[in-house]
Amino acid sequence: MSPDGRPAFAARHGATASASEAPLTPLPAPVGGAPAAVRGWFETATCDILPTADGTLETAQRTAAVLARRAKADNTRRAYRAGVRAWCAWCDGHALSALPARPEDVAAFVAAGAYPPSPARPLAAQTLRLRLASIGWLHWLAGLPSPTATAIVSETMAGLERTLRRQGRGPRPKLAAKIALLREILAPIEDDLPGLRDRALLLVGFAGALRRAELAAIRINDLEACEHGLRLSLPVSKGDRRGKGVVVAVPYGVTELCPVRALQRWCAAAGITEGAVFRRIRRLPPRRGAAAAEPPAWVVGSEPMDPGTVARIVKARGEAAGFEPASLGGHSLKRGALNTAKDRRVHPAQLKRLGRHASWATLAAYIEDGDLFEEHALDGVL
């Protein structure tokens, strides 16, 4: 553990270590212990260091435990750690047991998050559901029944969501950046280095119906040129529950919006031949005595941008084109691609393939209703 109570770097990044280098299995759960102890135990328990195989039953059991934890994606475990930190801090402030938790305390935690004292900001229902999942996973790791799988918690959450919808605080999906809207966002983007990057990011994200985390993670080795465009291999994708990896087609375009050529222009201008495709760019301060009209100098980093930066780029470029930034986000590109395809009357099976959704219900959440009167089921009847 690092001094701030977080897992060490190697642990956070899935490195392999021997038994003498780091704890490979959770220590006994601090049932009834202080919330700070519960938090520290959970941080350690969610590390995924694989032990070195030595043929013993104990090591095989440790390996099985690590693999079970790896069933959750890295982002999911990261979110669970944040949720458990919030839960433990709340329990500490109210002198409550964090492990095991009483269902009525968990229900109160949900209510306090939705209606906090001023000036704290209320949490969205989706955030609170994620925190409930964190508490449930905390208890699963400790071998205890989950307090979230109880009527008082589920009814509290259901009542909260109904109340929020009545108050106009229900979930609001991000604006779908359909092709016409995407054109407007792209129009004011200049051909400087940040402009080339952002243009490529927006077009590739749209063409591949990509999530922000998928965009941020693209590396040169994930791209394969072919006759009709690029084959993009995604080693990890939210819809790929079994971790088999998926391949996404990024086709050549026939207009100035071609995503493949936009990506080629960006990589050539930034000198990117390996590693991350979409990276942060830093603007250098102007030279002493430089003319006011001298263009700015940019430095391209080597590390991939984080998913949050993808969302901020979409918002910033949308705002520059005159759109409300709060209405846009990382999901706008994926929603835009799917709804553009829907407007073209693409078969639902092709929509599902484009979005790489595991279920029809998930796909339906991305699709907008459109014109309710178009091709009405009772047209010509009345």
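The table below lists the values:
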| item | result |
| --- | --- |
| Unique match (being over 26 Å from the mean Cα position of the chain (by Cα), closer than 19 Å to Ala107 by Cα and touching a residue at least 60 places away in the same chain (Cβ under 8 Å)) among Leu138, Leu144 | Leu144 |
| Residue list for the range 182-221, filter: farther than 12 Å from Lys334 by Cβ, among the small types (Gly, Ala, Ser) and touching a helix residue (DSSP H, G or I) at 6+ places or on another chain (Cβ under 8 Å) | Ala200, Ala216 |
| Residue within the range 314-331 that is closer than 27 Å to Ser233 by Cα and either among the acidic types (Asp, Glu) or outside the structural domain of Asp191 (by TED's automatic domain parsing) (or both) present | no |
| Number of positions in the range 256-285 that are under 17 Å from Thr309 (Cβ atoms) and either surrounded by 11 or more Cβ atoms within 10 Å (Cβ to Cβ) or touching an Asp or Glu at 6+ places or on another chain (Cβ under 6 Å) (or both) | 11 |
| Residue pairs meeting the criteria (Cβ under 8 Å; at least 6 apart or on separate chains; first under 17 Å from Glu375 (Cβ atoms), in the range 334-353; second in a helix (DSSP H, G or I) and among the hydroxyl-bearing types (Ser, Thr, Tyr)) | Asn339/Tyr366 |
| Given (1) free of Cβ contacts under 8 Å to residues at least 60 places away in the same chain; (2) closer than 30 Å to Leu328 by Cβ, index of the condition Ile179 fails | (1) |
| Members of the range 151-175 found to be outside any helix (DSSP H, G or I) and farther than 17 Å from His331 by Cα, listed by number | Gln167, Gly168, Arg169, Gly170 |
| Flag for Gly40 being assigned by TED's automatic domain parsing to the domain that holds Arg81, at pLDDT 85 or above and surrounded by fewer than 17 Cβ atoms within 10 Å (Cβ to Cβ) | no |
| Of the criteria (1) without any contact (Cβ under 8 Å) to a residue 12 or more places away in the chain; (2) outside any helix (DSSP H, G or I); (3) within 17 Å of the chain's Cα centre (by Cα), which one Arg312 fails | (2) |
| Residue satisfying condition, being at pLDDT 90 or above and in a loop (DSSP other than H, G, I, E, B), within set Glu294, Glu256 | Glu256 |
| Some residue of the range 122-132 being outside any loop (DSSP other than H, G, I, E, B) and either under 15 Å from Trp41 (Cβ atoms) or among the small types (Gly, Ala, Ser) (or both) | yes |
| Residue within the range 176-198 that is in contact with a Leu (Cβ under 6 Å, 6 or more places away or on another chain) and not in a helix (DSSP H, G or I) present | yes |
| Residues of the range 364-382 satisfying the condition of being touching a Gly at 6+ places or on another chain (Cβ under 8 Å) and either surrounded by fewer than 20 Cβ atoms within 10 Å (Cβ to Cβ) or at positive phi (or both) | none |
| Cβ pairs under 9 Å, 6+ apart, first in the range 262-274 and touching a residue at least 24 places away in the same chain (Cβ under 8 Å), second in a loop (DSSP other than H, G, I, E, B) and surrounded by 16 or more Cβ atoms within 10 Å (Cβ to Cβ) | Leu263/Val277; Trp266/Ile272; Trp266/Val277; Trp266/Phe278; Cys267/Val277 |
| Pairs, first surrounded by 13 or more Cβ atoms within 10 Å (Cβ to Cβ) in the range 154-176, second in a helix (DSSP H, G or I) and acidic (Asp, Glu), C-beta under 9 Å, six or more apart | Gly170/Glu161 |
| Tally of residues being more than 25 Å from Ile135 (Cβ to Cβ), assigned to a loop (DSSP other than H, G, I, E, B) and of a type in the set (S, T, N, Q) across the range 37-63 | 2 |
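The values are calculated or read from the model by the stated rules, or taken from the named source; none is laboratory data. A quick note: this is a predicted structure, and the numbers were derived from the prediction, not measured. Methodologically, a virtual Cβ is constructed for each residue, glycine included, from the backbone with ideal geometry; neighbour enumeration extends over all protein chains shown.
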